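All remarks here apply to the structure that follows.
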Amino acid sequence: MRPTTVKTISLVAIPVVAISFLLAWLLKDNKVMMTGLTLLIVLTSFIPGTRSTLLAGIATMVLITLWSALFPPEQFDLIRELLVQLYMLSLAAFTMIMVFYYKRVQENYNIEKAHMTCLFENATEGILLTNRKGVIVMANRAAEEMFDYSAGELDGLSIENLIPQRYQHNHSSHREGFYHQPNNRYMGKGRDLFARKKDQSEFPVEISLSSYNQNDETFVIAFIVDITSRKEAENKLASQREDLEKASQDMRVLNTQLEEKVEGRTVVLQEALEKLEISQKELSTSLDKERQLNEIKSRFVSMASHEFRTPLSTILSSATLIAKFPEIDDQPKREKHVGRIKDSVKHLNELLEDFLSLGKLEEGKVSISAIEFSVPEFFDDIVDEVKPQLKKDQKIEYSYASLTNFVTDKRMLKNILLNILSNGIKFSGEGTVISLEACLEDYQLKIIVKDQGIGIPEEDQKHLFATFFRAANVSNTQGTGLGLAIVKRYVNLLKGEISLQSVLELGTTITMKLPQLQA
(Lines give C-alpha, C1' and ligand atoms only; values in the text may rest on other atoms or scores of the structure.)
Protein backbone atom coordinates (compact mmCIF):
# COMPACT_ATOMS: atom_id res chain seq x y z
CA MET A 1 0.00 0.00 0.00
CA ARG A 2 1.17 3.52 -0.76
CA PRO A 3 2.36 5.79 2.15
CA THR A 4 -0.50 8.24 1.46
CA THR A 5 -3.04 5.47 2.15
CA VAL A 6 -1.31 4.52 5.43
CA LYS A 7 -1.28 8.17 6.44
CA THR A 8 -4.99 8.54 5.69
CA ILE A 9 -5.90 5.45 7.75
CA SER A 10 -3.75 6.74 10.62
CA LEU A 11 -5.57 10.09 10.52
CA VAL A 12 -8.89 8.27 10.77
CA ALA A 13 -7.78 5.76 13.43
CA ILE A 14 -6.31 8.29 15.91
CA PRO A 15 -9.52 10.38 16.32
CA VAL A 16 -11.66 7.25 16.52
CA VAL A 17 -9.55 5.78 19.34
CA ALA A 18 -9.35 9.14 21.13
CA ILE A 19 -13.11 9.67 20.94
CA SER A 20 -13.70 6.12 22.16
CA PHE A 21 -11.48 6.65 25.19
CA LEU A 22 -13.14 10.02 25.90
CA LEU A 23 -16.67 8.61 25.72
CA ALA A 24 -15.66 5.57 27.78
CA TRP A 25 -14.27 7.89 30.52
CA LEU A 26 -17.30 10.17 30.44
CA LEU A 27 -19.89 7.38 30.29
CA LYS A 28 -17.93 5.04 32.50
CA ASP A 29 -18.65 2.28 29.96
CA ASN A 30 -15.90 -0.03 28.71
CA LYS A 31 -18.04 -1.17 25.76
CA VAL A 32 -17.63 2.18 24.04
CA MET A 33 -13.85 1.92 24.31
CA MET A 34 -14.02 -1.68 23.10
CA THR A 35 -15.93 -0.57 20.01
CA GLY A 36 -13.28 2.01 19.14
CA LEU A 37 -10.39 -0.40 19.65
CA THR A 38 -12.14 -3.09 17.60
CA LEU A 39 -12.61 -0.54 14.82
CA LEU A 40 -8.87 0.20 15.06
CA ILE A 41 -8.11 -3.47 14.42
CA VAL A 42 -10.55 -3.54 11.50
CA LEU A 43 -8.93 -0.45 9.95
CA THR A 44 -5.58 -2.29 9.78
CA SER A 45 -7.14 -4.57 7.15
CA PHE A 46 -6.40 -1.80 4.63
CA ILE A 47 -2.67 -1.91 5.44
CA PRO A 48 -0.62 -4.70 3.80
CA GLY A 49 1.10 -7.27 5.97
CA THR A 50 0.17 -8.72 9.36
CA ARG A 51 2.43 -6.53 11.46
CA SER A 52 0.00 -3.59 11.79
CA THR A 53 -2.88 -5.89 12.71
CA LEU A 54 -0.77 -7.74 15.27
CA LEU A 55 0.39 -4.47 16.85
CA ALA A 56 -3.17 -3.10 16.93
CA GLY A 57 -4.47 -6.31 18.52
CA ILE A 58 -1.78 -6.41 21.17
CA ALA A 59 -2.26 -2.71 21.87
CA THR A 60 -6.02 -3.23 22.21
CA MET A 61 -5.58 -6.07 24.71
CA VAL A 62 -3.06 -4.07 26.74
CA LEU A 63 -5.25 -0.94 26.76
CA ILE A 64 -8.32 -2.95 27.81
CA THR A 65 -6.37 -4.50 30.68
CA LEU A 66 -4.86 -1.16 31.82
CA TRP A 67 -8.17 0.67 31.54
CA SER A 68 -9.96 -1.91 33.66
CA ALA A 69 -7.19 -1.72 36.24
CA LEU A 70 -7.03 2.08 36.33
CA PHE A 71 -10.75 2.79 36.11
CA PRO A 72 -12.66 0.06 37.96
CA PRO A 73 -16.48 0.46 38.27
CA GLU A 74 -17.97 1.93 41.44
CA GLN A 75 -19.72 -1.33 42.32
CA PHE A 76 -16.82 -3.73 41.77
CA ASP A 77 -17.67 -7.41 41.28
CA LEU A 78 -14.52 -9.44 40.68
CA ILE A 79 -16.15 -12.35 38.89
CA ARG A 80 -18.25 -10.06 36.72
CA GLU A 81 -15.25 -7.90 35.86
CA LEU A 82 -13.12 -10.93 35.02
CA LEU A 83 -15.83 -12.25 32.68
CA VAL A 84 -16.24 -8.87 31.00
CA GLN A 85 -12.45 -8.57 30.72
CA LEU A 86 -12.21 -12.06 29.21
CA TYR A 87 -15.04 -11.29 26.78
CA MET A 88 -13.40 -8.08 25.53
CA LEU A 89 -10.01 -9.72 25.16
CA SER A 90 -11.59 -12.63 23.26
CA LEU A 91 -13.49 -10.20 21.03
CA ALA A 92 -10.23 -8.34 20.27
CA ALA A 93 -8.43 -11.62 19.53
CA PHE A 94 -11.31 -12.83 17.32
CA THR A 95 -11.36 -9.52 15.43
CA MET A 96 -7.60 -9.74 14.94
CA ILE A 97 -7.92 -13.34 13.59
CA MET A 98 -10.69 -12.29 11.21
CA VAL A 99 -8.53 -9.45 9.88
CA PHE A 100 -5.65 -11.90 9.45
CA TYR A 101 -7.95 -14.22 7.47
CA TYR A 102 -9.23 -11.35 5.32
CA LYS A 103 -5.65 -10.28 4.51
CA ARG A 104 -4.68 -13.84 3.59
CA VAL A 105 -7.69 -14.11 1.27
CA GLN A 106 -6.90 -10.70 -0.23
CA GLU A 107 -3.23 -11.65 -0.70
CA ASN A 108 -4.15 -14.90 -2.48
CA TYR A 109 -6.59 -13.00 -4.66
CA ASN A 110 -3.93 -10.46 -5.60
CA ILE A 111 -1.43 -13.23 -6.41
CA GLU A 112 -3.95 -15.09 -8.59
CA LYS A 113 -4.93 -11.83 -10.23
CA ALA A 114 -1.24 -11.07 -10.96
CA HIS A 115 -0.76 -14.58 -12.40
CA MET A 116 -3.81 -14.25 -14.64
CA THR A 117 -2.73 -10.80 -15.78
CA CYS A 118 0.78 -12.11 -16.55
CA LEU A 119 -0.65 -15.09 -18.43
CA PHE A 120 -3.01 -12.86 -20.39
CA GLU A 121 -0.42 -10.25 -21.32
CA ASN A 122 2.47 -12.60 -22.08
CA ALA A 123 0.58 -15.26 -24.02
CA THR A 124 1.95 -15.78 -27.55
CA GLU A 125 -1.58 -16.35 -28.85
CA GLY A 126 -3.90 -13.43 -29.44
CA ILE A 127 -6.68 -13.32 -26.80
CA LEU A 128 -9.88 -11.28 -27.18
CA LEU A 129 -12.67 -10.99 -24.58
CA THR A 130 -16.08 -9.88 -25.96
CA ASN A 131 -19.51 -9.31 -24.43
CA ARG A 132 -22.86 -10.47 -25.77
CA LYS A 133 -23.02 -7.56 -28.23
CA GLY A 134 -19.74 -8.56 -29.79
CA VAL A 135 -17.87 -5.58 -28.30
CA ILE A 136 -14.24 -6.21 -27.36
CA VAL A 137 -13.85 -5.80 -23.61
CA MET A 138 -10.19 -6.77 -23.34
CA ALA A 139 -7.34 -7.66 -25.73
CA ASN A 140 -3.87 -8.82 -24.85
CA ARG A 141 -0.62 -7.49 -26.30
CA ALA A 142 -0.25 -10.37 -28.77
CA ALA A 143 -3.69 -9.65 -30.26
CA GLU A 144 -2.92 -5.93 -30.60
CA GLU A 145 0.36 -6.69 -32.38
CA MET A 146 -1.29 -9.33 -34.56
CA PHE A 147 -3.92 -6.86 -35.82
CA ASP A 148 -1.52 -3.85 -35.87
CA TYR A 149 -3.44 -1.83 -33.23
CA SER A 150 -1.93 0.33 -30.52
CA ALA A 151 -2.21 -0.53 -26.82
CA GLY A 152 -5.85 -0.27 -25.70
CA GLU A 153 -7.05 0.66 -29.19
CA LEU A 154 -9.04 -2.57 -29.62
CA ASP A 155 -11.06 -2.04 -26.42
CA GLY A 156 -14.61 -0.99 -27.25
CA LEU A 157 -14.43 -1.98 -30.94
CA SER A 158 -16.93 -4.42 -32.44
CA ILE A 159 -15.48 -7.85 -33.23
CA GLU A 160 -16.76 -7.37 -36.82
CA ASN A 161 -13.97 -4.79 -37.31
CA LEU A 162 -11.51 -7.72 -37.32
CA ILE A 163 -13.47 -9.81 -39.83
CA PRO A 164 -13.07 -9.47 -43.63
CA GLN A 165 -15.89 -7.60 -45.34
CA ARG A 166 -17.14 -10.64 -47.28
CA TYR A 167 -17.82 -12.60 -44.09
CA GLN A 168 -19.43 -9.89 -41.96
CA HIS A 169 -23.05 -10.44 -43.14
CA ASN A 170 -23.08 -13.98 -41.69
CA HIS A 171 -20.95 -13.41 -38.63
CA SER A 172 -23.63 -11.68 -36.51
CA SER A 173 -25.98 -14.66 -36.83
CA HIS A 174 -23.13 -17.08 -36.05
CA ARG A 175 -22.23 -15.00 -33.00
CA GLU A 176 -25.81 -14.99 -31.71
CA GLY A 177 -26.03 -18.74 -32.26
CA PHE A 178 -22.91 -19.26 -30.16
CA TYR A 179 -24.32 -17.14 -27.30
CA HIS A 180 -27.48 -19.26 -27.27
CA GLN A 181 -25.48 -22.50 -27.12
CA PRO A 182 -21.98 -21.60 -25.84
CA ASN A 183 -19.38 -24.37 -25.78
CA ASN A 184 -15.65 -24.72 -26.15
CA ARG A 185 -14.81 -25.40 -29.80
CA TYR A 186 -12.66 -24.53 -32.82
CA MET A 187 -14.04 -22.16 -35.41
CA GLY A 188 -14.18 -22.93 -39.14
CA LYS A 189 -13.63 -26.67 -38.94
CA GLY A 190 -12.86 -27.96 -42.43
CA ARG A 191 -12.36 -24.52 -43.99
CA ASP A 192 -9.87 -21.65 -43.94
CA LEU A 193 -10.43 -18.64 -41.68
CA PHE A 194 -9.13 -15.11 -42.30
CA ALA A 195 -8.86 -12.02 -40.12
CA ARG A 196 -8.53 -8.33 -41.01
CA LYS A 197 -5.83 -5.99 -39.74
CA LYS A 198 -6.17 -2.29 -39.09
CA ASP A 199 -4.89 -1.50 -42.61
CA GLN A 200 -7.64 -3.80 -44.07
CA SER A 201 -5.11 -6.48 -45.13
CA GLU A 202 -6.08 -10.08 -44.44
CA PHE A 203 -4.15 -13.03 -43.01
CA PRO A 204 -5.05 -16.70 -42.22
CA VAL A 205 -5.83 -17.62 -38.63
CA GLU A 206 -6.91 -20.44 -36.36
CA ILE A 207 -9.53 -19.54 -33.72
CA SER A 208 -10.85 -21.43 -30.71
CA LEU A 209 -13.69 -20.16 -28.53
CA SER A 210 -14.69 -20.56 -24.90
CA SER A 211 -17.17 -18.74 -22.67
CA TYR A 212 -17.99 -17.94 -19.05
CA ASN A 213 -20.78 -16.17 -17.12
CA GLN A 214 -20.35 -13.27 -14.74
CA ASN A 215 -23.17 -11.29 -13.14
CA ASP A 216 -25.72 -13.02 -15.41
CA GLU A 217 -23.85 -11.92 -18.54
CA THR A 218 -22.07 -14.23 -20.96
CA PHE A 219 -18.57 -13.34 -22.12
CA VAL A 220 -16.69 -15.07 -24.95
CA ILE A 221 -12.92 -15.63 -25.05
CA ALA A 222 -11.37 -16.03 -28.50
CA PHE A 223 -7.87 -17.51 -28.83
CA ILE A 224 -6.33 -16.49 -32.16
CA VAL A 225 -3.20 -17.89 -33.88
CA ASP A 226 -1.63 -16.31 -36.97
CA ILE A 227 -0.87 -19.25 -39.32
CA THR A 228 0.58 -17.23 -42.21
CA SER A 229 3.95 -19.01 -42.07
CA ARG A 230 2.33 -22.42 -41.93
CA LYS A 231 0.06 -21.65 -44.89
CA GLU A 232 3.04 -20.45 -46.91
CA ALA A 233 4.85 -23.71 -46.12
CA GLU A 234 1.75 -25.73 -47.08
CA ASN A 235 1.41 -23.86 -50.36
CA LYS A 236 5.08 -24.41 -51.11
CA LEU A 237 4.73 -28.11 -50.35
CA ALA A 238 1.64 -28.33 -52.57
CA SER A 239 3.56 -26.67 -55.38
CA GLN A 240 6.43 -29.10 -54.95
CA ARG A 241 3.97 -32.00 -55.00
CA GLU A 242 2.55 -30.73 -58.27
CA ASP A 243 6.06 -30.51 -59.69
CA LEU A 244 6.78 -34.02 -58.44
CA GLU A 245 3.57 -35.36 -59.98
CA LYS A 246 4.47 -33.70 -63.27
CA ALA A 247 7.96 -35.22 -63.09
CA SER A 248 6.44 -38.63 -62.32
CA GLN A 249 4.08 -38.26 -65.27
CA ASP A 250 6.98 -37.31 -67.52
CA MET A 251 8.89 -40.36 -66.28
CA ARG A 252 5.89 -42.61 -66.98
CA VAL A 253 5.66 -41.21 -70.51
CA LEU A 254 9.40 -41.70 -70.96
CA ASN A 255 9.15 -45.24 -69.64
CA THR A 256 6.31 -45.98 -72.06
CA GLN A 257 8.33 -44.60 -74.94
CA LEU A 258 11.31 -46.63 -73.81
CA GLU A 259 9.25 -49.81 -73.63
CA GLU A 260 7.94 -49.15 -77.12
CA LYS A 261 11.47 -48.57 -78.34
CA VAL A 262 12.70 -51.80 -76.72
CA GLU A 263 9.77 -53.68 -78.18
CA GLY A 264 10.47 -52.25 -81.62
CA ARG A 265 14.17 -53.09 -81.38
CA THR A 266 13.30 -56.57 -80.13
CA VAL A 267 11.01 -57.10 -83.13
CA VAL A 268 13.80 -55.97 -85.44
CA LEU A 269 16.20 -58.29 -83.66
CA GLN A 270 13.72 -61.13 -83.83
CA GLU A 271 13.27 -60.58 -87.55
CA ALA A 272 17.03 -60.51 -88.06
CA LEU A 273 17.45 -63.71 -86.09
CA GLU A 274 14.66 -65.35 -88.04
CA LYS A 275 16.35 -64.40 -91.30
CA LEU A 276 19.61 -65.74 -89.90
CA GLU A 277 17.90 -68.97 -88.95
CA ILE A 278 16.36 -69.31 -92.44
CA SER A 279 19.73 -68.67 -93.98
CA GLN A 280 21.41 -71.23 -91.73
CA LYS A 281 18.73 -73.79 -92.48
CA GLU A 282 19.27 -73.29 -96.18
CA LEU A 283 23.04 -73.64 -95.87
CA SER A 284 23.20 -76.40 -93.33
CA THR A 285 21.71 -79.85 -93.39
CA SER A 286 23.15 -80.76 -90.05
CA LEU A 287 20.65 -81.18 -87.23
CA ASP A 288 23.32 -80.21 -84.70
CA LYS A 289 23.95 -76.89 -86.45
CA GLU A 290 20.23 -76.11 -86.50
CA ARG A 291 19.88 -76.86 -82.77
CA GLN A 292 22.92 -74.68 -81.97
CA LEU A 293 21.42 -71.80 -83.98
CA ASN A 294 18.13 -72.01 -82.06
CA GLU A 295 20.05 -72.02 -78.79
CA ILE A 296 22.01 -68.92 -79.83
CA LYS A 297 18.78 -67.14 -80.75
CA SER A 298 17.16 -67.93 -77.41
CA ARG A 299 20.20 -66.95 -75.37
CA PHE A 300 20.72 -63.75 -77.30
CA VAL A 301 17.17 -62.54 -76.64
CA SER A 302 17.58 -63.50 -72.96
CA MET A 303 20.84 -61.57 -72.84
CA ALA A 304 19.09 -58.41 -74.01
CA SER A 305 16.45 -58.87 -71.29
CA HIS A 306 19.18 -59.47 -68.67
CA GLU A 307 21.03 -56.28 -69.51
CA PHE A 308 17.85 -54.15 -69.50
CA ARG A 309 16.47 -55.49 -66.23
CA THR A 310 18.91 -53.78 -63.83
CA PRO A 311 18.35 -50.15 -64.98
CA LEU A 312 14.59 -50.74 -65.23
CA SER A 313 14.62 -52.01 -61.63
CA THR A 314 16.52 -48.87 -60.58
CA ILE A 315 13.91 -46.66 -62.28
CA LEU A 316 11.06 -48.51 -60.57
CA SER A 317 12.66 -48.46 -57.10
CA SER A 318 13.63 -44.78 -57.30
CA ALA A 319 10.13 -43.82 -58.53
CA THR A 320 8.66 -45.79 -55.60
CA LEU A 321 11.02 -44.16 -53.07
CA ILE A 322 10.23 -40.66 -54.36
CA ALA A 323 6.61 -41.12 -53.25
CA LYS A 324 7.85 -41.81 -49.69
CA PHE A 325 9.44 -38.35 -49.34
CA PRO A 326 6.47 -35.88 -49.25
CA GLU A 327 7.95 -33.38 -46.76
CA ILE A 328 9.70 -30.11 -47.68
CA ASP A 329 12.96 -31.23 -46.04
CA ASP A 330 12.98 -34.37 -48.26
CA GLN A 331 13.65 -32.39 -51.48
CA PRO A 332 17.37 -33.40 -51.63
CA LYS A 333 16.35 -37.07 -51.38
CA ARG A 334 13.77 -36.65 -54.14
CA GLU A 335 16.27 -34.89 -56.36
CA LYS A 336 18.78 -37.69 -55.73
CA HIS A 337 16.32 -40.37 -56.90
CA VAL A 338 15.16 -38.29 -59.89
CA GLY A 339 18.81 -37.99 -60.92
CA ARG A 340 19.23 -41.73 -60.45
CA ILE A 341 16.21 -42.38 -62.70
CA LYS A 342 17.61 -40.10 -65.38
CA ASP A 343 20.97 -41.88 -65.18
CA SER A 344 19.31 -45.28 -65.43
CA VAL A 345 17.21 -44.24 -68.45
CA LYS A 346 20.33 -42.94 -70.10
CA HIS A 347 22.18 -46.12 -69.18
CA LEU A 348 19.33 -48.26 -70.55
CA ASN A 349 19.35 -46.39 -73.83
CA GLU A 350 23.10 -46.91 -74.08
CA LEU A 351 22.68 -50.62 -73.35
CA LEU A 352 20.05 -50.83 -76.04
CA GLU A 353 22.39 -49.24 -78.55
CA ASP A 354 25.56 -51.11 -77.50
CA PHE A 355 24.41 -54.65 -76.74
CA LEU A 356 21.54 -55.53 -79.02
CA SER A 357 24.23 -56.81 -81.29
CA LEU A 358 27.35 -58.57 -80.07
CA GLY A 359 28.86 -57.57 -83.36
CA LYS A 360 29.80 -54.14 -81.99
CA LEU A 361 31.99 -55.75 -79.36
CA GLU A 362 33.28 -58.38 -81.76
CA GLU A 363 34.18 -55.72 -84.32
CA GLY A 364 35.53 -53.20 -81.77
CA LYS A 365 32.83 -50.59 -82.39
CA VAL A 366 32.30 -49.76 -78.67
CA SER A 367 34.15 -46.50 -77.97
CA ILE A 368 35.94 -45.45 -74.79
CA SER A 369 34.96 -42.19 -73.06
CA ALA A 370 37.34 -41.62 -70.16
CA ILE A 371 36.41 -39.02 -67.52
CA GLU A 372 37.61 -38.17 -64.02
CA PHE A 373 35.11 -39.07 -61.28
CA SER A 374 34.92 -39.51 -57.49
CA VAL A 375 35.44 -43.16 -56.56
CA PRO A 376 33.57 -42.91 -53.19
CA GLU A 377 30.52 -41.32 -54.81
CA PHE A 378 30.69 -43.83 -57.67
CA PHE A 379 30.74 -46.80 -55.25
CA ASP A 380 27.90 -45.32 -53.20
CA ASP A 381 25.74 -45.05 -56.36
CA ILE A 382 26.64 -48.59 -57.48
CA VAL A 383 25.70 -50.08 -54.09
CA ASP A 384 22.45 -48.09 -53.95
CA GLU A 385 21.47 -49.38 -57.40
CA VAL A 386 21.93 -53.06 -56.54
CA LYS A 387 20.39 -52.89 -53.06
CA PRO A 388 16.84 -53.54 -54.39
CA GLN A 389 18.13 -56.90 -55.72
CA LEU A 390 19.32 -58.08 -52.29
CA LYS A 391 17.68 -61.17 -50.82
CA LYS A 392 16.46 -61.38 -47.25
CA ASP A 393 19.20 -60.38 -44.75
CA GLN A 394 21.79 -60.09 -47.54
CA LYS A 395 24.06 -57.05 -47.32
CA ILE A 396 26.87 -55.39 -49.23
CA GLU A 397 30.02 -54.26 -47.43
CA TYR A 398 32.28 -51.94 -49.39
CA SER A 399 35.44 -49.94 -48.78
CA TYR A 400 37.73 -47.71 -50.82
CA ALA A 401 41.00 -47.10 -48.99
CA SER A 402 42.06 -43.43 -49.33
CA LEU A 403 40.66 -43.21 -52.87
CA THR A 404 39.42 -39.93 -54.23
CA ASN A 405 39.29 -39.50 -58.02
CA PHE A 406 40.12 -41.84 -60.91
CA VAL A 407 40.09 -41.55 -64.70
CA THR A 408 38.51 -44.29 -66.84
CA ASP A 409 35.28 -44.97 -68.74
CA LYS A 410 32.79 -44.55 -65.88
CA ARG A 411 29.86 -46.00 -67.83
CA MET A 412 31.79 -49.13 -68.82
CA LEU A 413 33.11 -49.65 -65.27
CA LYS A 414 29.58 -49.25 -63.95
CA ASN A 415 28.33 -51.98 -66.31
CA ILE A 416 31.15 -54.28 -65.16
CA LEU A 417 30.43 -53.85 -61.43
CA LEU A 418 26.65 -54.06 -61.80
CA ASN A 419 27.04 -57.33 -63.68
CA ILE A 420 29.45 -58.86 -61.15
CA LEU A 421 27.49 -57.68 -58.07
CA SER A 422 24.21 -58.91 -59.57
CA ASN A 423 25.76 -62.35 -60.11
CA GLY A 424 27.09 -62.37 -56.54
CA ILE A 425 23.61 -61.56 -55.17
CA LYS A 426 21.88 -64.06 -57.46
CA PHE A 427 24.16 -67.00 -56.67
CA SER A 428 24.41 -66.31 -52.89
CA GLY A 429 21.84 -67.35 -50.32
CA GLU A 430 19.89 -65.28 -47.79
CA GLY A 431 21.84 -63.74 -44.92
CA THR A 432 25.14 -63.72 -46.86
CA VAL A 433 27.60 -60.84 -47.37
CA ILE A 434 28.90 -59.54 -50.70
CA SER A 435 32.04 -57.43 -50.24
CA LEU A 436 33.36 -54.77 -52.60
CA GLU A 437 36.89 -53.46 -51.99
CA ALA A 438 38.94 -50.94 -53.95
CA CYS A 439 42.44 -49.55 -53.55
CA LEU A 440 45.21 -47.99 -55.58
CA GLU A 441 48.04 -50.45 -56.29
CA ASP A 442 50.99 -49.55 -58.55
CA TYR A 443 48.99 -46.60 -59.94
CA GLN A 444 46.20 -48.98 -60.93
CA LEU A 445 42.67 -49.25 -59.55
CA LYS A 446 42.35 -52.67 -57.95
CA ILE A 447 38.79 -53.89 -57.34
CA ILE A 448 37.92 -57.12 -55.48
CA VAL A 449 34.38 -58.54 -55.33
CA LYS A 450 33.76 -61.47 -52.97
CA ASP A 451 30.57 -63.42 -52.39
CA GLN A 452 29.55 -66.34 -50.21
CA GLY A 453 27.64 -68.13 -52.93
CA ILE A 454 27.51 -71.61 -54.38
CA GLY A 455 30.91 -71.31 -56.04
CA ILE A 456 32.02 -72.62 -59.47
CA PRO A 457 33.33 -76.13 -60.24
CA GLU A 458 37.06 -76.07 -60.90
CA GLU A 459 36.71 -77.68 -64.33
CA ASP A 460 34.30 -74.92 -65.45
CA GLN A 461 36.32 -71.91 -64.24
CA LYS A 462 38.55 -71.71 -67.31
CA HIS A 463 35.50 -71.34 -69.61
CA LEU A 464 33.56 -68.71 -67.63
CA PHE A 465 34.63 -65.77 -69.78
CA ALA A 466 33.54 -67.54 -72.98
CA THR A 467 30.33 -66.48 -74.74
CA PHE A 468 27.15 -68.37 -73.68
CA PHE A 469 29.02 -70.66 -71.26
CA ARG A 470 27.33 -71.53 -67.95
CA ALA A 471 28.73 -73.62 -65.10
CA ALA A 472 27.25 -77.05 -64.49
CA ASN A 473 25.88 -76.18 -61.00
CA VAL A 474 23.70 -73.20 -62.13
CA SER A 475 21.43 -74.98 -64.59
CA ASN A 476 18.39 -74.21 -62.43
CA THR A 477 19.21 -70.49 -62.18
CA GLN A 478 18.11 -68.10 -64.91
CA GLY A 479 20.93 -66.71 -67.04
CA THR A 480 22.41 -66.60 -70.53
CA GLY A 481 26.11 -67.21 -69.90
CA LEU A 482 26.85 -63.88 -71.56
CA GLY A 483 27.43 -61.62 -68.55
CA LEU A 484 31.05 -62.49 -67.74
CA ALA A 485 31.89 -62.62 -71.44
CA ILE A 486 30.76 -58.99 -71.79
CA VAL A 487 32.66 -58.10 -68.57
CA LYS A 488 35.84 -59.64 -69.99
CA ARG A 489 35.50 -57.62 -73.21
CA TYR A 490 34.90 -54.42 -71.24
CA VAL A 491 37.97 -55.02 -69.08
CA ASN A 492 40.03 -55.62 -72.21
CA LEU A 493 38.75 -52.36 -73.72
CA LEU A 494 39.77 -50.56 -70.51
CA LYS A 495 43.25 -52.15 -70.88
CA GLY A 496 42.83 -53.99 -67.60
CA GLU A 497 43.08 -57.48 -66.21
CA ILE A 498 40.48 -59.73 -64.59
CA SER A 499 40.87 -63.02 -62.73
CA LEU A 500 38.57 -65.38 -60.85
CA GLN A 501 39.01 -67.75 -57.91
CA SER A 502 36.15 -69.91 -56.64
CA VAL A 503 35.52 -72.81 -54.25
CA LEU A 504 32.30 -74.82 -54.31
CA GLU A 505 29.85 -73.85 -51.52
CA LEU A 506 32.30 -71.22 -50.18
CA GLY A 507 31.99 -68.46 -52.74
CA THR A 508 33.73 -66.65 -55.57
CA THR A 509 36.31 -63.85 -55.69
CA ILE A 510 36.76 -61.71 -58.80
CA THR A 511 39.78 -59.38 -58.98
CA MET A 512 40.24 -56.57 -61.51
CA LYS A 513 43.12 -54.17 -62.14
CA LEU A 514 42.47 -51.12 -64.31
CA PRO A 515 45.05 -48.54 -65.39
CA GLN A 516 44.27 -44.85 -65.29
CA LEU A 517 43.30 -43.62 -68.79
CA GLN A 518 43.87 -40.27 -70.41
CA ALA A 519 40.81 -38.04 -69.97
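The values are calculated or read from the model by the stated rules, or taken from the named source; none is laboratory data. Computed from a predicted structure; not experimentally measured. All Cβ positions, even for glycine, are placed from backbone atoms using ideal geometry, and neighbour counts span all protein chains on display.
Return the pair list, or none, for Cβ contacts closer than 6 Å from residues in region 144-159 that are more than 15 Å from V220 (Cα to Cα) to residues that are exposed (fewer than 14 other Cβ atoms within 10 Å of the Cβ), at least 6 apart or on different chains.
Taking only residues 6 or more apart or on different chains, the pairs are F147/K197; D148/K197.
Please indicate, with yes or no, whether at least one residue in region 219-238 is exposed (fewer than 13 other Cβ atoms within 10 Å of the Cβ), of a type in the set (F, W, Y) and at pLDDT below 85.
No.
For E160, state whether it is surrounded by fewer than 14 Cβ atoms within 10 Å (Cβ to Cβ), of a type in the set (D, E) and modelled with pLDDT of 75 or more. Steps first, please.
Details: surrounded by fewer than 14 Cβ atoms within 10 Å (Cβ to Cβ): no; of a type in the set (D, E): yes; modelled with pLDDT of 75 or more: yes.
The answer is no for E160.
Return the only residue of L421, L482 being touching a helix residue (DSSP H, G or I) at 6+ places or on another chain (Cβ under 8 Å) and modelled with pLDDT of 90 or more. Working first, answer last.
Values: L482 fails: modelled with pLDDT of 90 or more.
Sole residue among the options that is touching a helix residue (DSSP H, G or I) at 6+ places or on another chain (Cβ under 8 Å) and modelled with pLDDT of 90 or more: L421.
Of the residues that make up region 430-448, is at least one buried (at least 17 other Cβ atoms within 10 Å of the Cβ) and closer than 24 Å to L316 by Cα?
Checked against the condition, which is being buried (at least 17 other Cβ atoms within 10 Å of the Cβ) and closer than 24 Å to L316 by Cα, region 430-448 yields at least one hit.
Find all pairs meeting these conditions: Cβ atoms under 6 angstrom apart; at least six residues apart or on different chains; first residue within region 374-386 and closer than 14 Å to S422 by Cα; second residue surrounded by 17 or more Cβ atoms within 10 Å (Cβ to Cβ) and among the polar types (S, T, N, Q).
Sorted first by the residue in region 374-386, then by its partner, the pairs are E385/T314.
Can you find a residue that is at pLDDT 80 or above, closer than 20 Å to K198 by Cβ and in a helix (DSSP H, G or I) anywhere in region 120-142?
Within region 120-142, one or more residues are at pLDDT 80 or above, closer than 20 Å to K198 by Cβ and in a helix (DSSP H, G or I).
So which residues in region 430-451 are at pLDDT below 90 and farther than 16 Å from L517 by Cβ?
Across region 430-451, the qualifying residue is only E441.
On the given criteria, is S208 at pLDDT 80 or above and either among the aromatic types (F, W, Y) or under 28 Å from A233 (Cβ atoms) (or both)? Full working, then the answer.
Details: at pLDDT 80 or above: yes; either among the aromatic types (F, W, Y) or under 28 Å from A233 (Cβ atoms) (or both): yes.
So S208 fits the description; yes.
Which of the following residues is more than 17 Å from L500 (Cβ to Cβ), among the aliphatic types (A, V, I, L, M) and assigned by TED's automatic domain parsing to the domain that holds S502: L440, L464, L421? Spell out how you get there, then give the answer.
Working: L464 fails: more than 17 Å from L500 (Cβ to Cβ); L421 fails: more than 17 Å from L500 (Cβ to Cβ).
Just one listed residue meets the conditions, L440.
Hey, among the residues in region 362-418 that are among the hydroxyl-bearing types (S, T, Y) and under 39 Å from the mean Cα position of the chain (by Cα), which one's modelled with the lowest pLDDT?
Pass one, region 362-418, residues among the hydroxyl-bearing types (S, T, Y): 367, 369, 374, 398-400, 402, 404, 408.
Still in the running and under 39 Å from the mean Cα position of the chain (by Cα): 374, 398-400, 402, 404.
On the way: S374: 92, Y398: 89, S399: 90, Y400: 84, S402: 78, T404: 86.
So the residue we want is S402.
So that you can scan it fast, the table gives a plain yes or no per residue for (1) surrounded by 18 or more Cβ atoms within 10 Å (Cβ to Cβ); (2) at pLDDT below 75; (3) β-branched (V, I, T):
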{"position": "V262", "(1), (2), (3)": "yes, no, yes"}
{"position": "K289", "(1), (2), (3)": "no, yes, no"}
{"position": "L293", "(1), (2), (3)": "no, yes, no"}
{"position": "A304", "(1), (2), (3)": "yes, yes, no"}
{"position": "L312", "(1), (2), (3)": "no, yes, no"}
{"position": "S317", "(1), (2), (3)": "yes, no, no"}
{"position": "K324", "(1), (2), (3)": "no, no, no"}
{"position": "S344", "(1), (2), (3)": "yes, yes, no"}
